[in-house]
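So the structure is just underneath, and the comments pick up after that.
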Amino acid sequence: MYERRSIDIHFYINYLNFITMTKCLNFTIREQKLSVGPKKGQKVFIARPTDRQRVTHRQFCEEVAHATTFTGAEVEAVLRLAAEMAKKHVESGESVDFGDIGTLSPSFKSKAVDHIEDFNATRDIKKPMVKLRPSVRYFTLEGVTYERVEPKAKKTKGSKPAGGGTQPHP
(Lines give C-alpha, C1' and ligand atoms only; values in the text may rest on other atoms or scores of the structure.)
Protein backbone atom coordinates (compact mmCIF):
# COMPACT_ATOMS: atom_id res chain seq x y z
CA MET A 1 0.00 0.00 0.00
CA TYR A 2 2.77 2.47 0.94
CA GLU A 3 4.72 1.75 -2.26
CA ARG A 4 1.65 2.37 -4.44
CA ARG A 5 0.95 5.68 -2.65
CA SER A 6 4.54 6.87 -3.21
CA ILE A 7 4.24 5.99 -6.92
CA ASP A 8 0.96 7.93 -7.13
CA ILE A 9 2.54 10.97 -5.44
CA HIS A 10 5.63 10.73 -7.68
CA PHE A 11 3.40 10.51 -10.77
CA TYR A 12 1.30 13.48 -9.63
CA ILE A 13 4.37 15.67 -8.98
CA ASN A 14 5.83 14.82 -12.40
CA TYR A 15 2.47 15.47 -14.04
CA LEU A 16 2.24 18.90 -12.38
CA ASN A 17 5.78 19.75 -13.52
CA PHE A 18 4.87 18.66 -17.05
CA ILE A 19 1.64 20.64 -17.36
CA THR A 20 3.22 23.80 -15.92
CA MET A 21 6.09 23.80 -18.44
CA THR A 22 6.55 27.15 -20.15
CA LYS A 23 4.86 27.07 -23.54
CA CYS A 24 6.99 29.70 -25.25
CA LEU A 25 8.30 29.43 -28.80
CA ASN A 26 11.45 31.39 -29.62
CA PHE A 27 11.80 32.97 -33.05
CA THR A 28 14.11 35.20 -35.05
CA ILE A 29 13.21 37.68 -37.78
CA ARG A 30 14.87 37.04 -41.12
CA GLU A 31 14.91 38.94 -44.39
CA GLN A 32 13.94 36.83 -47.38
CA LYS A 33 13.29 37.41 -51.05
CA LEU A 34 10.02 35.75 -52.04
CA SER A 35 10.06 33.53 -55.12
CA VAL A 36 6.30 32.94 -55.53
CA GLY A 37 3.00 34.70 -54.95
CA PRO A 38 1.90 38.32 -55.30
CA LYS A 39 5.08 39.61 -53.60
CA LYS A 40 7.40 37.59 -55.86
CA GLY A 41 10.84 39.22 -56.06
CA GLN A 42 10.23 41.49 -53.04
CA LYS A 43 12.29 41.36 -49.88
CA VAL A 44 10.14 40.78 -46.80
CA PHE A 45 10.74 39.94 -43.15
CA ILE A 46 9.44 36.68 -41.74
CA ALA A 47 9.57 34.98 -38.35
CA ARG A 48 11.49 31.68 -38.16
CA PRO A 49 11.16 29.35 -35.15
CA THR A 50 14.35 28.45 -33.30
CA ASP A 51 15.17 25.58 -30.97
CA ARG A 52 15.45 26.40 -27.30
CA GLN A 53 17.18 23.20 -26.35
CA ARG A 54 17.17 19.68 -27.69
CA VAL A 55 15.84 16.94 -25.43
CA THR A 56 17.85 13.77 -26.08
CA HIS A 57 16.18 10.42 -26.56
CA ARG A 58 17.60 9.22 -23.26
CA GLN A 59 16.35 12.33 -21.41
CA PHE A 60 12.92 11.85 -22.94
CA CYS A 61 12.80 8.19 -21.90
CA GLU A 62 13.80 9.13 -18.35
CA GLU A 63 11.09 11.79 -18.25
CA VAL A 64 8.48 9.25 -19.34
CA ALA A 65 9.84 6.73 -16.85
CA HIS A 66 9.47 9.16 -13.95
CA ALA A 67 5.76 9.42 -14.73
CA THR A 68 5.29 5.64 -14.85
CA THR A 69 6.41 2.47 -13.10
CA PHE A 70 8.88 1.69 -15.92
CA THR A 71 12.59 2.43 -15.92
CA GLY A 72 14.18 4.66 -18.56
CA ALA A 73 15.76 1.60 -20.19
CA GLU A 74 12.37 -0.15 -20.38
CA VAL A 75 10.75 2.90 -21.99
CA GLU A 76 13.62 3.13 -24.47
CA ALA A 77 13.33 -0.60 -25.30
CA VAL A 78 9.58 -0.34 -25.91
CA LEU A 79 10.00 2.72 -28.15
CA ARG A 80 12.79 1.03 -30.12
CA LEU A 81 10.72 -2.16 -30.54
CA ALA A 82 7.66 -0.15 -31.64
CA ALA A 83 9.75 1.72 -34.24
CA GLU A 84 11.29 -1.52 -35.58
CA MET A 85 7.91 -3.24 -35.83
CA ALA A 86 6.32 -0.21 -37.52
CA LYS A 87 9.20 -0.09 -40.05
CA LYS A 88 8.67 -3.78 -40.93
CA HIS A 89 4.95 -3.13 -41.59
CA VAL A 90 5.75 -0.09 -43.74
CA GLU A 91 8.42 -2.06 -45.67
CA SER A 92 5.61 -4.53 -46.47
CA GLY A 93 3.55 -1.71 -47.98
CA GLU A 94 1.24 -1.22 -44.99
CA SER A 95 0.43 2.06 -43.25
CA VAL A 96 0.70 2.06 -39.46
CA ASP A 97 -1.62 4.12 -37.26
CA PHE A 98 0.74 5.28 -34.49
CA GLY A 99 -2.04 6.68 -32.33
CA ASP A 100 -1.72 10.32 -31.29
CA ILE A 101 1.59 10.63 -33.14
CA GLY A 102 0.09 10.08 -36.58
CA THR A 103 0.30 7.60 -39.46
CA LEU A 104 3.44 6.03 -40.88
CA SER A 105 3.22 5.18 -44.59
CA PRO A 106 5.56 3.98 -47.33
CA SER A 107 6.74 6.54 -49.86
CA PHE A 108 9.42 7.02 -52.51
CA LYS A 109 10.68 9.39 -55.21
CA SER A 110 9.88 8.61 -58.83
CA LYS A 111 11.60 9.78 -61.99
CA ALA A 112 9.27 11.27 -64.63
CA VAL A 113 9.10 9.46 -67.98
CA ASP A 114 7.49 10.60 -71.22
CA HIS A 115 5.65 7.35 -72.00
CA ILE A 116 4.23 4.68 -69.69
CA GLU A 117 6.04 2.00 -71.71
CA ASP A 118 9.38 3.63 -70.77
CA PHE A 119 8.78 3.26 -67.03
CA ASN A 120 11.05 0.78 -65.25
CA ALA A 121 10.46 0.46 -61.48
CA THR A 122 14.03 -0.63 -60.73
CA ARG A 123 15.51 2.36 -62.56
CA ASP A 124 12.84 5.04 -62.00
CA ILE A 125 11.82 4.56 -58.37
CA LYS A 126 14.37 5.89 -55.87
CA LYS A 127 14.72 6.63 -52.17
CA PRO A 128 12.08 4.45 -50.53
CA MET A 129 11.26 5.93 -47.12
CA VAL A 130 8.83 6.10 -44.23
CA LYS A 131 6.61 9.20 -44.22
CA LEU A 132 4.94 10.45 -41.06
CA ARG A 133 1.62 12.24 -41.40
CA PRO A 134 1.33 13.86 -37.97
CA SER A 135 -2.00 13.84 -36.20
CA VAL A 136 -3.49 17.31 -36.70
CA ARG A 137 -5.30 17.21 -33.38
CA TYR A 138 -2.22 16.20 -31.44
CA PHE A 139 0.37 18.34 -33.21
CA THR A 140 -1.58 21.60 -33.31
CA LEU A 141 0.08 23.67 -30.58
CA GLU A 142 -2.29 25.55 -28.30
CA GLY A 143 -1.75 28.13 -25.58
CA VAL A 144 1.78 29.03 -26.65
CA THR A 145 3.42 32.44 -26.40
CA TYR A 146 6.19 33.84 -28.58
CA GLU A 147 9.52 35.42 -27.70
CA ARG A 148 11.84 37.09 -30.20
CA VAL A 149 15.51 36.18 -29.80
CA GLU A 150 18.63 37.32 -31.60
CA PRO A 151 19.89 34.95 -34.29
CA LYS A 152 22.96 32.90 -33.45
CA ALA A 153 26.21 34.04 -35.06
CA LYS A 154 26.90 32.14 -38.25
CA LYS A 155 29.81 29.70 -38.10
CA THR A 156 32.59 30.40 -40.56
CA LYS A 157 34.45 27.65 -42.38
CA GLY A 158 37.45 26.38 -40.48
CA SER A 159 36.46 27.96 -37.17
CA LYS A 160 36.95 25.94 -34.00
CA PRO A 161 34.62 25.88 -30.99
CA ALA A 162 35.52 28.13 -28.06
CA GLY A 163 38.27 26.58 -25.96
CA GLY A 164 39.90 24.99 -29.01
CA GLY A 165 39.51 21.39 -30.11
CA THR A 166 36.27 19.50 -30.40
CA GLN A 167 33.80 18.19 -27.91
CA PRO A 168 33.89 14.45 -27.22
CA HIS A 169 31.10 12.33 -28.67
CA PRO A 170 28.78 11.10 -25.85
> Of the residues Phe45, Phe27, which is open to solvent by 100 Å² or more (accessible area, probe 1.4 Å), at pLDDT 80 or above and not in a loop (DSSP other than H, G, I, E, B)?
Replying inline: Phe45
>> So Val144 ticks every box in (1) touching a helix residue (DSSP H, G or I) at 6+ places or on another chain (Cβ under 6 Å); (2) open to solvent by less than 100 Å² (accessible area, probe 1.4 Å); (3) under 25 Å from Thr50 (Cβ atoms); (4) not polar (S, T, N, Q) but one. Which box is left unticked?
In response: (1)
>> Pull out all pairs, ordered by first then second residue, where Cβ-Cβ is under 7 Å, the residues are six or more apart or on different chains, the first lies in the range 87-100 and is in contact (Cβ under 8 Å) with a residue 24 or more places away in the chain, and the second is open to solvent by 70 Å² or more (accessible area, probe 1.4 Å) and in a helix (DSSP H, G or I).
In response: Asp100/Tyr138
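For every residue, the table says whether it meets (1) within 22 Å of His57 (Cα to Cα); (2) open to solvent by 70 Å² or more (accessible area, probe 1.4 Å); (3) of a type in the set (Lys, Arg).
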position	(1), (2), (3)
Glu74	yes, yes, no
Ala77	yes, no, no
Arg80	yes, yes, yes
Glu84	yes, yes, no
Glu91	no, yes, no
Asp97	yes, yes, no
Leu104	yes, no, no
Lys109	no, yes, yes
Ala112	no, yes, no
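The values are calculated or read from the model by the stated rules, or taken from the named source; none is laboratory data. Just so we're clear, the structure is a prediction, and the values are computed from it rather than from any experiment. In this analysis, Cβ positions are derived from the backbone assuming ideal geometry, glycine residues included, and neighbour counts consider all displayed protein chains. The area values use the complete protein model at the heavy-atom level, side chains included, leaving out ligands, DNA and RNA. Shrake-Rupley method; radii C 1.70, N 1.55, O 1.52, S 1.80 Å.
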